[in-house]
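Engineer: Mind looking over this structure? Questions follow.
The values are calculated or read from the model by the stated rules, or taken from the named source; none is laboratory data. Treat the numbers as computed from the prediction; the structure is a model and nothing was measured. Because the Cβ atoms are built from the backbone with ideal geometry, glycine has one as well, and the counts that use them run over all protein chains shown. Please note that ligands, DNA and RNA were not included when accessible areas were found on the heavy atoms of the full protein model with its side chains. Shrake-Rupley method; radii C 1.70, N 1.55, O 1.52, S 1.80 Å.
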Amino acid sequence: MTARLKALGVVLAVIGLGFIGVGAFAYTQVAAGQHSLEKFSEAQNVTLTYNEDGQLIDRGETAAAQGIIDLVENDWGYDLKASELDPNDPLVNTGSEYMYQMGLVAYHTLHGTTTVTLDEPVEYNGETFDAGTYEVATDGKYWADFDRMHPLEGPARAEAWTATAHALIGELGVGSVTANVLTMGLGVAAIAAGLGATLIIAGGGLIWAAAGDRRKPALKEAPAIESIDEPVNA
C-alpha cells in the first residue's frame, strides 16, 4: 500500500510539472503577443486625450467623451474597464482603449453631416427634390440604415461612411479582440500553473505520507497468556 501511494504521488507530481510547463509556455506566447501589440500601437501613435483631472475628453469636452462612452457601453454593450483607461499611459493598446477609439470614429460619423448636390430635380416616392445643395445629417444611421435609392440618402451614405471610417473601425475591432484574447491567454496560463502547483503539492503530500508510514514500527502482537492447570486435590 505504501509503495502504491508513493507511485501515485510521483505520477501526480510529474503531471503537475507538465501543467506548469504548459503555463510557462502560454505565458511566453502571451508576453510575445502583448509586446507585438504594444509595438504596433507605438508605430501608429494613436493616443487618447485626457484633461488635467485625468478625465477623457474629445475635442476639449468631457461631454463629448461621455457620449462616446455611452455609445460603446449602452449601444454596443461593451463594459469599458477603468483600469484599462490610464491617463498616464494614453497609448491605445488595451481592449477598452481600442473600443473607446472605435466608438470615437463611429460617434463622429453617426453625428456628422454631409453635403449632397443635385444637378437637376429628382422625384422619389412622390416627393420632388429640387436641384441644389443639401446638408444631410447622418442622424445616427449606420451604413445599412440608409435608403440607397433615395436621392439624398444614397449619396450621403457613401460620404458619411467612407472607406476610411470602415477601415479604422475594422482595424480597431481587431485590436480590441486581440487585446482581450491576450488577457484570456494570461488567465489560461495562470490556471495551468496553479493546477500544476496543486498537483505537485498533492503528489508530494502522498510521498511524504507514504514515507511516514514506512518509518513507523509495526506493533508486535502480545504473546498469549498461558493458562496453568491447577493440581487436582486427591
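Engineer: Being over 23 Å from Tyr142 (Cα atoms) and among the polar types (S, T, N, Q) is the filter here, so list the residues in segment 70-100 that pass it.
Structural biologist: Ser83, Asn88, Asn93, Thr94
Engineer: Within segment 99-144, can you find the residues that are acidic (Asp, Glu) and either within 30 Å of Leu71 (Cα to Cα) or outside any loop (DSSP other than H, G, I, E, B) (or both)?
Structural biologist: Listed by number, the residues that qualify are Glu123, Glu127, Glu135, Asp139.
Engineer: Report, by residue number, each residue of segment 71-94 that is under 22 Å from Phe40 (Cα atoms) and either acidic (Asp, Glu) or buried (at least 21 other Cβ atoms within 10 Å of the Cβ) (or both).
Structural biologist: Glu84, Asp86, Asp89, Val92, Asn93, Thr94, listed by residue number.
Engineer: While we're here: Pull up segment 141-186, narrow it to residues that are surrounded by 17 or more Cβ atoms within 10 Å (Cβ to Cβ) and touching a strand residue (DSSP E or B) at 6+ places or on another chain (Cβ under 9 Å), then point me to the one that is farthest from Phe129 (Cα to Cα).
Structural biologist: For segment 141-186, the residue satisfying everything is Ala160.
Engineer: Among the candidates Phe40, Phe25, which residue alone is farther than 18 Å from Asn180 by Cα, of a type in the set (Phe, Trp, Tyr) and under 23 Å from the mean Cα position of the chain (by Cα)?
Structural biologist: Phe25
Engineer: Now a separate question. Mind checking which residues of segment 154-182 are outside any helix (DSSP H, G or I) and closer than 21 Å to Gln44 by Cα?
Structural biologist: Answer for segment 154-182, where residues must be outside any helix (DSSP H, G or I) and closer than 21 Å to Gln44 by Cα: just Thr162.
Engineer: Let me ask something else. What single numbered condition from (1) assigned to a loop (DSSP other than H, G, I, E, B); (2) without any contact (Cβ under 8 Å) to a residue 12 or more places away in the chain fails to hold for Met149?
Structural biologist: Unmet for Met149, out of (1) assigned to a loop (DSSP other than H, G, I, E, B); (2) without any contact (Cβ under 8 Å) to a residue 12 or more places away in the chain: (2).
Engineer: Checking the conditions here, which among Ala32, Ala7 is closer than 25 Å to Gly173 by Cα and of a type in the set (Gly, Ala, Ser)?
Structural biologist: Result of the check over Ala32, Ala7: Ala32.
Engineer: Still on this structure, please answer the following. So if I check each of Glu123, Glu127, Glu97, which one is surrounded by 16 or more Cβ atoms within 10 Å (Cβ to Cβ) and acidic (Asp, Glu)?
Structural biologist: Among Glu123, Glu127, Glu97, only Glu97 is surrounded by 16 or more Cβ atoms within 10 Å (Cβ to Cβ) and acidic (Asp, Glu).
Engineer: Between residues in segment 163-190 that are without any contact (Cβ under 8 Å) to a residue 40 or more places away in the chain and residues that are open to solvent by 30 Å² or more (accessible area, probe 1.4 Å) and in a helix (DSSP H, G or I), which pairs lie under 9 Å by C-beta distance while being six or more apart or on different chains?
Structural biologist: His166/Trp143; Glu171/Gln44
Engineer: For segment 3-39, give me each residue that is of a type outside the set (A, V, I, L, M), surrounded by 13 or more Cβ atoms within 10 Å (Cβ to Cβ) and either without any contact (Cβ under 8 Å) to a residue 12 or more places away in the chain or touching a helix residue (DSSP H, G or I) at 6+ places or on another chain (Cβ under 6 Å) (or both).
Structural biologist: Lys6, Gly9, Gly16, Phe19, Gly23, Tyr27, Gly33, Gln34
Engineer: Still on this structure, please answer the following. Counting only residues that are within 32 Å of the chain's Cα centre (by Cα) and charged (D, E, K, R), which one in segment 128-153 is nearest to Ser41 (Cα to Cα)?
Structural biologist: Lys141
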